[in-house]
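Heads up: the structure comes next, in structure tokens.
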Amino acid sequence: MSEQIRVLHVDDEPDFADLTADALEREDDRCTVETATSADEGLARLTDAVDCVVSDYEMPGRNGIDFLEAVRERYPNLPFILFTGKGSEEVASEAISAGVTDYLEKQGGLSQYTVLANRIANAVDQYRSKRALEASQRRLSLFFEQSPLGVIEWNEDFEVVRLNDAAEDILGYAEADLRGASWERIVPESEATAVGGVVDALLQNRGGYRSVNENVRADGEVIVCEWHNRVVTDDSEEPRSSGSRPQADDSEEPRSSGSRPQADDSVEHGSTSNRAEPGDSEASETPRAERDDVPQATGRSPVTTGEAGDSDVVAIFSQFQDITERIEREQQLERSTARLEALFENSPDMINVHDTDGNIIDPNPRLCERTGYDASELVDMKVWDVDARIDPAEALAIWEEMAVGDRHRLEGVYRHRDGSTFPVEIHLQRLDLAGEDRFVVISRDISERKARERELQRQNERLEEFVGVVSHDLQNPLNVAGGRLDLAREEYDSEHLDAAARSLDRMDELIADLLKLARGGKRVNEIEPVALADVVEECWHNVATGDAALVVETDRTIRADPGRLQHLLENLLQNSVGHGTTSSRRTEHADDGVEHSSAESEANGGRGDHVTITVGGLDDGFYVEDDGTGIPEEKRTAVFESGYSTAPDGTGFGLAIVEEVVEAHGWSIQVTEGADGGARFEITGVEVE
């Protein structure tokens with residue numbers, strides 16, 4: 001149904017006003033006419049609902065011109081037709097000056113109402129079109145200024161007319177710097193052909209195109225932008241041109257061009273072209289460009305392209321956004337996806353993806369190879385068909401308790417197609433894969449590890465037997481020998497007895513070190529805070545130090561197994577005392593800086609030859625350093641080998657014990673040269689409080 005036209009007719013002749021109302025409603029069923037007999041009554045009845053005012057000229061009180069001026073104060077653009085029996089050039093001129101929409105002289109007969117109805121309809125249509133256009137312009141302006149995307153308006157030559165704040169931020173230009181510039185200003189030469197194709201397609205085919213291309217910012221930075229470009233055209237008939245002054249003797253035909261005054265000499269009928277015919281083949285095949293038929297707002301005055309038969313260009317707009325980071329993320333995702341796919345397909349581990357019901361969804365080639373099944377067979381199986389150790393009910397319960405992202409580690413036993421089995425270590429994680437609840441299972445054949453564990457268990461059992469032999473079966477005879485030696489000394493005085501005593505002491509030292517290695521192993525007990533300086537002082541009192549001096553330059557607390565840390569420090573201190581010298585031995589035993597026993601120290605007078613040992617802190621550990629002979633660089637790796645010693649009576653186990661304690665804690669040890677040329681042992685990777 002057509003939109004109703006609400007007319008207010010003001011005439012001081014009630015009968016004529018009623019006749020006019022009836023005639024208008026009969027001529028155009030859209031018209032609804034309300035009458036008033038004076039200008040004041042007309043003003044009282046004038047509301048926003050009125051679409052057009054028709055008024056006589058000669059009326060008591062205010063005349064038609066006075067009434068028009070009063071209406072214009074409230075409604076500057078409301079259609080107002082002066083319908084009067086007093087026709088003259090003077091009245092027409094005054095009416096035009098006051099802003100009348102149309103002027104029509106009363107005639108005899110009913111045909112005048114046909115003309116009046118036509119004038120009213122045209123005036124209201126144009127008034128509504130103009131209001132719609134203004135509303136569209138306001139919406140466009142709001143969209144332009146407040147859009148979070150960059151927006152550029154171009155002229156028909158694709159030169160910048162204006163751009164919004166977001167566009168300035170993206171491109172780094174102020175609007176004044178780009179106004180009037182060609183699109184080529186913001187496009188690198190490498191993209192000129194492709195973007196030029198988009199421009200040609202837009203102008204030839206109208207409608208809209210989406211494109212992705214590189215752009216150059218004001219500072220020279222190259223970015224990637226996504227563009228939505230639209231040419232808005234006017235597909236309606238050409239607006240009527242007018243401007244002639246009103247005629248006193250209007251014909252009974254509907255209004256002709258130039259027959260009435262206009263408040264606005266042009267009426268714009270803007271429409272958005274939502275579709276466009278394909279352009280030439282070159283434009284249609286522009287790289288990275290595609291049709292974009294999303295409607296855009298209109299609101300610019302028509303701009304003709306100059307090509308006969310083409311619709312007029314109303315406006316050209318481009319919305320765009322910087323997608324450089326998005327493109328980089330997508331490329332990174334593509335690379336990551338490719339790596340993950342390669343890892344999945346070529347992983348030495350067995351991998352499968354299964355759902356919450358245990359159905360295998362995606363097995364990798366390694367799983368197929370190790371189980372002997374094809375992928376097509378595995379996807380028809382449950383995980384407990386492959387893992388003999390899984391109980392379906394227990395597995396479902398475990399999965400139910402796992403949240404997305406949770407991990408679970410366990411061991412299983414996989415069945416081969418031929419019925420054989422092999423042990424596996426399984427790492428299970430629950431994930432959301434593209435919106436689907438899935439479990440990723442990575443498993444590894446641990447047959448060799450299990451074999452090593454069994455062998456290690458056998459070795460440990462033999463070691464325990466060995467420890468029993470050393471600690472009991474060897475120690476007892478040595479104790480007896482030591483007792484007999486003491487009795488022999490009471491009866492005889494012989495240098496041979498002294499040599500025998502030294503040999504027995506040597507055997508005691510060997511047995512003690514062997515037991516430390518065997519019982520300590522590469523494990524620690526309870527880790528706790530330990531004051532390093534206190535432990536060093538205690539160890540110093542447990543070592544035969546002779547004339548050696550100790551300097552402690554740290555007060556830090558570290559986390560360690562106190563007992564095993566004590567073993568480490570005692571052996572390092574003993575090693576420094578045993579091989580330490582600051583004078584003559586530097587020449588006599590230049591390569592002798594490893595494990596000189598306490599017996600040798602006693603042979604040298606028990607003085608430690610005045611060696612000074614310093615214990616200090618590192619960023620992530622501590623060091624033990626002496627000013628003795630040092631350790632040659634080529635021997636710094638060998639010193640930690642069990643049984644390595646340069647001293648005739650050294651056991652060769654002291655530094656091996658040190659290395660074992662270090663590894664048991666997860667630390668690292670390095671031998672370097674001290675500040676005064678001696679040996680420096682640096683222990684790092686230590687947790688410091």
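The values are calculated or read from the model by the stated rules, or taken from the named source; none is laboratory data. Keep in mind it's a predicted model, so treat the numbers as computed, not measured. Methodologically, a virtual Cβ is constructed for each residue, glycine included, from the backbone with ideal geometry; neighbour enumeration extends over all protein chains shown.
Per-structure values
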item	result
All positions within region 523-574 that are closer than 15 Å to ASP626 by Cβ and assigned to a helix (DSSP H, G or I)	VAL536, CYS539, TRP540, LEU569, GLU570, ASN571, LEU572, LEU573, GLN574
Selected residue [more than 19 Å from LEU433 (Cβ to Cβ), in contact with a His (Cβ under 7 Å, 6 or more places away or on another chain), assigned by TED's automatic domain parsing to the domain that holds GLU436 and of a type in the set (D, E, K, R)] from ARG366, ARG409	ARG409
Condition check for ALA70: part of a helix (DSSP H, G or I), surrounded by fewer than 18 Cβ atoms within 10 Å (Cβ to Cβ), of a type in the set (A, V, I, L, M) and within 57 Å of the chain's Cα centre (by Cα)	no
Any hit, region 608-628, residues being at pLDDT below 60, in contact with a Gly (Cβ under 9 Å, 6 or more places away or on another chain) and over 16 Å from ARG680 (Cβ atoms)	yes
Segments classed as helices (runs of 4 or more DSSP H), wholly inside region 144-208, with at least 3 members that are among the aliphatic types (A, V, I, L, M)	165-171, 192-205
Residues that are under 14 Å from VAL383 (Cα atoms), free of Cβ contacts under 8 Å to residues at least 60 places away in the same chain, out of contact with any helix residue (DSSP H, G or I) (no Cβ under 8 Å at 6 or more places or on another chain) and of a type outside the set (D, E, K, R), drawn from region 411-441	GLY412, VAL413, ILE426, HIS427, LEU428
Qualifying residue in region 74-85 (condition: part of a helix (DSSP H, G or I) and modelled with pLDDT under 90)	no
From ASP15, ASP28, residue being farther than 21 Å from ASN122 by Cα and either touching a strand residue (DSSP E or B) at 6+ places or on another chain (Cβ under 6 Å) or of a type outside the set (Gly, Ala, Ser) (or both)	ASP15
Checking ARG444 against (1) in contact (Cβ under 8 Å) with a residue 12 or more places away in the chain; (2) exposed (fewer than 13 other Cβ atoms within 10 Å of the Cβ); (3) of a type in the set (Lys, Arg), the condition it does not meet	(2)
Pair list, Cβ under 9 Å, 6 or more apart: region 126-147 residue closer than 24 Å to PHE80 by Cα and at pLDDT 80 or above, other residue surrounded by 12 or more Cβ atoms within 10 Å (Cβ to Cβ) and hydrophobic (A, V, I, L, M, F, W, C)	GLN126/VAL267; TYR127/CYS52; TYR127/LEU78; SER129/VAL267; LYS130/VAL267; LEU133/VAL267
Condition met for ASP22 (without any contact (Cβ under 8 Å) to a residue 24 or more places away in the chain, out of contact with any strand residue (DSSP E or B) (no Cβ under 9 Å at 6 or more places or on another chain), over 20 Å from SER129 (Cα atoms) and part of a helix (DSSP H, G or I))	no
Failed condition for VAL91, given (1) in a helix (DSSP H, G or I); (2) closer than 30 Å to ALA132 by Cα; (3) in contact (Cβ under 8 Å) with a residue 24 or more places away in the chain	(2)
Test for VAL224: is it in a helix (DSSP H, G or I) and either touching a helix residue (DSSP H, G or I) at 6+ places or on another chain (Cβ under 8 Å) or free of Cβ contacts under 8 Å to residues at least 24 places away in the same chain (or both)	no
Only one of ALA121, ALA132, ALA92 that is out of contact with any Cys (no Cβ under 7 Å at 6 or more places or on another chain), in the same structural domain as VAL53 (by TED's automatic domain parsing) and within 22 Å of GLU69 (Cβ to Cβ)	ALA92
Filtered residues of region 73-113 (kept if surrounded by fewer than 18 Cβ atoms within 10 Å (Cβ to Cβ) and touching an Asp or Glu at 6+ places or on another chain (Cβ under 6 Å))	LYS86, ALA98, SER111
Any hit, region 49-64, residues being in contact with a Leu (Cβ under 7 Å, 6 or more places away or on another chain), in the same structural domain as ALA95 (by TED's automatic domain parsing) and in a helix (DSSP H, G or I)	yes
Any hit, region 32-47, residues being touching a residue at least 60 places away in the same chain (Cβ under 8 Å) and either out of contact with any strand residue (DSSP E or B) (no Cβ under 7 Å at 6 or more places or on another chain) or buried (at least 18 other Cβ atoms within 10 Å of the Cβ) (or both)	no
Residue satisfying condition, being acidic (Asp, Glu) and within 17 Å of TYR103 (Cα to Cα), within set ASP28, ASP66, ASP15	ASP66
